[in-house]
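The values are calculated or read from the model by the stated rules, or taken from the named source; none is laboratory data. As the structure is a prediction and not an experimental result, all values here were calculated from the model. Because the Cβ atoms are built from the backbone with ideal geometry, glycine has one as well, and the counts that use them run over all protein chains shown. Ligands, DNA and RNA are stripped out before the accessible areas are found, and what is left, the full protein with its side chains, is counted by its heavy atoms. Shrake-Rupley method; radii C 1.70, N 1.55, O 1.52, S 1.80 Å.
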Amino acid sequence: MGSNCSFIIAPQDLHDVGHPWINIEINGKTYTYPVPVSLPGNDASIPLRLGSGSIRTLNLSLDSNAVTLASTTVSEWEVK
């Protein structure tokens with residue numbers, strides 16, 4: 001079973017590693033994915049940047065105890 005959700009977020013640097021970032025609520029229970037140490041696909045000099053002109057897809061896995069990052073992709077933003 002899976003669900004999708006998309007957001008458009010202004011380019012920015014994330015801060016506070018470990019701070020709650022993405023909250024998912026299911027049947028009254030909230031699961032939280034924290035700010036990671038780095039975002040896969042980023043240069044080591046900007047490990048937590050959500051850059052302009054790109055699309056970042058985070059595939060999160062949810063089990064009964066936690067939300068974890070299953071995979072991620074980064075692609076170019078296409079204006080149509």
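The table below gives the values:
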read-out	value
Matching option when the condition is of a type in the set (A, V, I, L, M) and at pLDDT 90 or above, among ILE22, ILE8	ILE22
Counted residues, region 1-50 - those being surrounded by 10 or more Cβ atoms within 10 Å (Cβ to Cβ) and assigned to a loop (DSSP other than H, G, I, E, B)	15
Residue count for region 61-80, restricted to those that are open to solvent by 60 Å² or more (accessible area, probe 1.4 Å) and either assigned to a loop (DSSP other than H, G, I, E, B) or closer than 20 Å to CYS5 by Cβ (or both)	12
